[in-house]
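Quick notes on the structure that follows.
The values are calculated or read from the model by the stated rules, or taken from the named source; none is laboratory data. What you see is a predicted model, and the numbers here were worked out from it, not measured in a lab. So basically every Cβ, Gly included, is an ideal-geometry build from the backbone, and we count neighbours across all protein chains shown. The protein model used for the area step is the full one, side chains on, heavy atoms only, and it has no ligands, DNA or RNA in it. Shrake-Rupley method; radii C 1.70, N 1.55, O 1.52, S 1.80 Å.
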Amino acid sequence: VQLQASGGGLVQAGGSLRLSCAASRRTFSNYVMGWFRQAPGKEREFVAAISRSGDGITYADSVKGRLTVSRDNAKNTVYLQMNSLKPEDTAVYYCAADLFAPALLTMVNEYDHWGQGTQVTVSS
């Protein structure tokens, strides 16, 4: 599956953005999806994951209550709604997919497919 992330940009602290990740396959609903981010000089870190049906979700503690992951299987798209953004949220955001995951995945090396990333910059 090919993934195309979009929706990044420059926003002031406290603002909002919605990221989208479109998948190329009709079997999108068979994939567990995740969002990760990587800030300059830092390792890629887990942000959120969502199950195939969308009824299972998990978040990194640093984003709970501010970021919301969702998916629309009819549109082959997963979203990341980002509210109350902080300067420390600045990073390149990546979506990821895994076909055979038995559960929600939170580790970088557990995902088989990655999008190209979209830059999110939060100014103070």
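At-a-glance table
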| quantity | calculated |
| --- | --- |
| Filter result (over 14 Å from the mean Cα position of the chain (by Cα), surrounded by 18 or more Cβ atoms within 10 Å (Cβ to Cβ) and in a strand (DSSP E or B)) within segment 81-124 | V122 |
| So V78, is it touching a Pro at 6+ places or on another chain (Cβ under 8 Å) and crowded, with 19+ Cβ neighbours inside 10 Å | no |
| Segment 8-21, subset of a type in the set (G, A, S) and more than 11 Å from the chain's Cα centre (by Cα), residue surrounded by the most Cβ atoms within 10 Å (Cβ to Cβ) | G8 |
| Residue tally, condition of a type in the set (K, R), open to solvent by 70 Å² or more (accessible area, probe 1.4 Å) and within 18 Å of Q119 (Cα to Cα), over segment 23-71 | 2 |
| Segment 62-89, residues that are within 29 Å of T27 (Cα to Cα) and among the small types (G, A, S) | S70, A74 |
